[in-house]
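The values are calculated or read from the model by the stated rules, or taken from the named source; none is laboratory data. Quick caveat: nothing in here was measured; it's all calculated off a predicted structure. Backbone-built Cβ (ideal geometry, glycine too); neighbour counts: all protein chains shown.
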């Protein structure tokens, strides 16, 4: 098994611990695994040419998630065109 270690600010650690408490996440390992699962899903949606967003059914409003990491993901159609010239 590999070990993964990173340096983060005290404020970021408090933020993570707060989110863990809010979601009843027992360990930082579990928290990171859940975060990776969510990010993988969001990346896959972008590869499929879809937006990642939340929907408020009371106001009928949609708010798209804006993250530079997702902005960097090209739809698979674009990747194929780039790869094949």
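If you go through segment 52-63 and keep only what is out of contact with any strand residue (DSSP E or B) (no Cβ under 6 Å at 6 or more places or on another chain) and exposed (fewer than 11 other Cβ atoms within 10 Å of the Cβ), you end up with 56, 57, 58, 59, 60, 61.
The condition of being at pLDDT 95 or above, surrounded by fewer than 13 Cβ atoms within 10 Å (Cβ to Cβ), over 11 Å from the mean Cα position of the chain (by Cα) and in a loop (DSSP other than H, G, I, E, B) holds for only one of 18, 49, that being 49.
With respect to residue 36, determine if the residue is without any contact (Cβ under 8 Å) to a residue 12 or more places away in the chain and either part of a strand (DSSP E or B) or surrounded by fewer than 10 Cβ atoms within 10 Å (Cβ to Cβ) (or both). The answer is no for residue 36.
Quick check, is residue 79 closer than 29 Å to residue 4 by Cβ, part of a helix (DSSP H, G or I) and modelled with pLDDT under 95? It is true that residue 79 is closer than 29 Å to residue 4 by Cβ, part of a helix (DSSP H, G or I) and modelled with pLDDT under 95. Scanning segment 37-77 for residues that are touching a helix residue (DSSP H, G or I) at 6+ places or on another chain (Cβ under 8 Å) and on the phi > 0 side of the Ramachandran plot turns up just one, 49. Among the numbered criteria (1) outside any loop (DSSP other than H, G, I, E, B); (2) over 16 Å from the mean Cα position of the chain (by Cα); (3) surrounded by 10 or more Cβ atoms within 10 Å (Cβ to Cβ), which single criterion is violated by residue 25? In the conditions (1) outside any loop (DSSP other than H, G, I, E, B); (2) over 16 Å from the mean Cα position of the chain (by Cα); (3) surrounded by 10 or more Cβ atoms within 10 Å (Cβ to Cβ), residue 25 misses (1) alone.
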